[in-house]
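Beneath this line is the structure, given in structure tokens, with notes to follow.
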Amino acid sequence: MTAKKRKESAPELLYAVSLGCPKNLVDTEMITGAFISAGSRLTFEPESASVYLINTCAFLASARAEAQEAIEEGAAWKSRHPQGRLVVAGCLVNHPQIDEYKKAFPEVDLWAGPCELEKITPLPRCAGDVPLRLQLTLPHVAYLRIADGCDNRCAYCLIPKLRGDKRSRTISSCIAEAKQLIEVGVKELILIAQDTTAFGTDGENLAGLLRALEELPGAFRYRILYTHPVHYTDELISVLSSAKKFIPALDIPLQHISDAMLERMNRHTDSKWIRDLVAKLRRAIPGIALRTTFITGFPGETEEDFKELLEFAAEARFERLGVFAFSPEPGTPAFEMADQVPGDVADRRAREIMRRQHLRTAAANSKLTGQILEIMVDDIEENYAVGRTDADAPDIDQNVYVELPAKVRFAPGDRIKVRITGALKGGDLEAETVR
């Protein structure tokens with residue numbers, strides 16, 4: 001159905017389910033924005049919807065299980081609303097096992113992969129070839145996707161098959177969208193891509209994009225997620241060290257430190273490069289918060305490899321850390337590798353890393369008591385505010401709960417100074433306002 005025909009008939013009501021990471025959320029924002037521009041409306045009640053959209057993730061087996069559960073709910077909706085349209089979009093559509101899903105769910109009217117969103121509805125563009133989006137995040141937070149796809153070909157990863165090769169936007173397009181977001185009140189821009197540090201073609205790179213962002217007016221700051229260690233350059237580090245709007249926190253999924261594991265993972269780097277990069281970033285940007293993720297139980301990982309990883313995590317003292325137990329994904333080189341590590345061993349190793357990280361986090365949080373920090377307010381409840389430190393990304397990391405005195409009023413998006421009064425179980429913090 002074309003946009004013109006939709007406008008002439010009764011407006012469609014779209015119910016959207018977005019699964020997976022922020023990169024998927026941007027696709028959902030583009031689809032919903034396109035529906036709105038075509039005269040449709042959104043609904044938060046599936047029973048009133050005429051279109052039921054599920055935007056899927058398929059990176060891990062757990063993500064596919066979540067997608068399958070969501071499609072089952074959509075199929076049940078379709079049985080109650082046979083005239084409605086059930087649409088499944090996203091990475092699952094490009095998964096090697098998609099034919100099995102299509103056979104299992106004949107109720108689905110349309111399957112559309114990440115590069116096929118025009119199948120769902122025409123995607124309008126604003127000035128400067130900026131995609132029209134309906135922002136679904138907190139009003140003061142927005143994701144700025146600077147590229148899509150990936151060329152790294154890590155041995156465990158399906159992303160190139162699911163989302164294709166890397167496709168960078170131009171700096172001018174990114175800046176045009178950033179301006180629009182800032183003008184509507186966004187205070188925190190979060191730069192995302194499958195590999196943000198690989199951004200750029202034809203002489204453009206991430207350092208150039210950050211310089212352009214620094215020139216934009218407005219009370220905003222930017223955060224960078226999903227960086228690959230091999231693509232850091234001295235130029236980029238120099239720009240970050242002098243940037244005024246950069247939130248001093250970096251997400252660098254390292255996956256491992258053992259040279260044997262890094263080579264088998266096809267990470268294009270080695271332990272010396274990684275150690276030097278961590279040291280270089282800490283020297284260049286005092287007080288920076290570093291986040292990483294590791295994979296345990298990758299094929300061939302020995303106890304010696306794991307011990308090296310444990311020791312590195314302790315030495316580097318990452319402010320934020322997550323671990324995935326290796327999950328063999330059909331269609332990846334790692335799936336066919338010899339020396340597969342038993343799943344219970346991979347799980348045990350992941351738990352041990354996280355146990356030690358939780359102890360480090362608890363010790364670090366206890367030292368914060370009495371300190372004055374500036375936080376971003378994300379939400380206001382009756383008598384307290386919920387915020388984040390610079391080290392914490394929204395919907396991922398710990399929160400700071402601030403008791404609000406009478407007659408003290410803040411709004412989401414405000415940056416306020418607080419005094420930390422204690423640490424809560426699970427990593428969150430308590431604080432009071434500084435008068």
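Derivation of every value follows stated rules applied to the coordinates shown; laboratory data play no part. Just so it is clear, the model here is predicted, and its values are computed rather than measured. Backbone-built Cβ (ideal geometry, glycine too); neighbour counts: all protein chains shown.
Listing for the model above:
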| read-out | value |
| --- | --- |
| Globularity ratio of region 3-119, using Cα Rg and 2.2 N^0.38 Å | 1.01 |
| The chain: most fluctuating residue of LYS119, LYS103, LYS425 per GNM, C-alpha cutoff 10 Å | LYS425 |
| Cross-link partners of LYS78 among aspartates and glutamates (Cα-Cα below 13 Å; sequence separation of 8 or more within a chain) | GLU47, GLU107, ASP109 |
| Relative contact order %, region 156-269, counting alpha carbon pairs below 8 Å whose residues are six or more apart | 25 percent |
| Derived scalar couplings ³J(HN,Hα) [region 36-52; Karplus, 6.51 cos²θ - 1.76 cosθ + 1.60; whole Hz; x for Gly, Pro] | 4, 5, 8, x, 7, 10, 9, 9, 9, 10, x, 5, 9, 7, 9, 10, 10 |
| Burial ranking of peptide ranges 163-174, 269-280 (average Cβ count within 10 Å, highest at the top) | 163-174, 269-280 |
| Most to least packed among 183-194, 411-422, 329-340 [average Cβ atoms within 10 Å] | 183-194, 411-422, 329-340 |
| Computed [θ] at 222 nm, deg cm²/dmol, the chain (DSSP H ≥ 4; -39,500 (n - 2.57); rounded to nearest 500) | -10500 deg cm²/dmol |
| Centre separation in Å (Cα based) which lies between region 339-362 and region 127-163 | 30 Å |
| nm² value of the averaged projected area, convex hull over the Cα atoms of region 69-169 | 8.8 nm² |
| Whole-angstrom gap from region 12-51 to region 269-311, using each part's C-alpha centre | 39 Å |
| Taking N as its residue count, the alpha carbon Rg of region 369-433 over 2.2 N^0.38 Å | 0.99 |
| Cross-link reach list, lysines versus LYS417, counting only Cα pairs under 26 Å and skipping chain neighbours closer than eight places | LYS187, LYS244, LYS245, LYS367, LYS407, LYS425 |
| Cysteines in the chain that, by Cβ-Cβ distance, have no pairing candidate under 4.7 Å | CYS21, CYS57, CYS91, CYS115, CYS126, CYS150, CYS174 |
| Sequence-separation-based contact order of region 126-367, relative, with Cα cut under 8 Å and 6+ spacing, percent | 16 percent |
| Least to most buried among PHE410, PHE59, PHE298 (fewest other Cβ within 10 Å first) | PHE410, PHE59, PHE298 |
| The chain, relative contact order [Cα under 8 Å, separation at least 6], % | 10 percent |
| Using θ = phi - 60° and Karplus 6.51 cos²θ - 1.76 cosθ + 1.60, couplings along region 329-345 (whole Hz; Gly, Pro as x) | 9, x, x, 9, x, 5, 4, 8, 5, 6, 6, 5, 8, x, x, 5, 5 |
| Principal axis dimensions, largest first and in whole angstrom, of region 126-367 by Cα | 53, 45, 34 |
| Long-range amide H partners of THR296 with built H, under 5 Å | PHE324, ALA325, PHE326 |
| Region 350-361 - phi-based ³J(HN,Hα) in whole Hz, Karplus 6.51/-1.76/1.60, Gly and Pro as x | 5, 4, 5, 4, 5, 4, 5, 5, 4, 5, 5, 5 |
| Antiparallel bridge percentage (DSSP; both residues within the chain; nearest 5) | 35 percent |
